[in-house]
1. How much of the accessible area of the stretch 11-104, probe 1.4 Å, is carbon plus sulfur, in whole percent?
2. Return one whole number: the accessible area per residue of the stretch 57-106 in Å², for a 1.4 Å probe.
3. At what distance in nm do the modelled label points of MET27 and ALA66 sit from each other, each positioned 7 Å from its Cα along Cα→Cβ?
4. When a/c reaches 1.5 or more, the comparison of a/b and b/c decides; with that in mind, is the stretch 39-106 rounded, prolate or oblate per its Cα gyration tensor?
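The values are calculated or read from the model by the stated rules, or taken from the named source; none is laboratory data. Small disclaimer: the values here were computed from a predicted structure and weren't measured. Please note: Cβ atoms are built from the backbone with ideal geometry, for glycine as well, and neighbour counts cover all protein chains shown. Areas reflect the complete protein model, heavy atoms only, side chains present, ligands, DNA and RNA absent. Shrake-Rupley method; radii C 1.70, N 1.55, O 1.52, S 1.80 Å.
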Amino acid sequence: LYVLCIIRFSLSELFTAYLLSIPATWMSPDGCIGFSSVLYALMGIRIRIIKMGKLEWTLFIISNAATAFIPNIAFGVHLASFSLGWIYARLKGLFHEYGRACNRKQ
């Protein structure tokens, strides 16, 4: 819930994050998708926009490192969802910059 207050996302970003988290389930031995993978994809999408302080970053890194050692939490799914969200955001930004460069009058 705390993450949802920090991220401030739109419904289209939530839907995109859900779609991005589906391939991440291939990293899970159970093959099930949880809302945490959608949250990680959202965080990957919004990471360049989110203003997080040192305390938030420290809590984020420690909590993610701790989940790697808990057997019932799919750390690979979280990492894959975050990575896919980050890659999506980077590609979207590059396409936006390319579109602006192409529309610029010489």
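1. On the way: 4410 of 6390 Å².
Within the stretch 11-104, the accessible surface is 69 percent carbon and sulfur.
2. Numbers: 3940 Å² over 50 residues.
Result: 79 Å² per residue.
3. Each label point is offset 7 Å from its Cα along the Cβ direction, giving 2.0 nm.
4. Values: a/c = 5.41, a/b = 2.24, b/c = 2.41.
Since a/c reaches 1.5 but b/c is at least a/b, the shape of the stretch 39-106 is classed as oblate.
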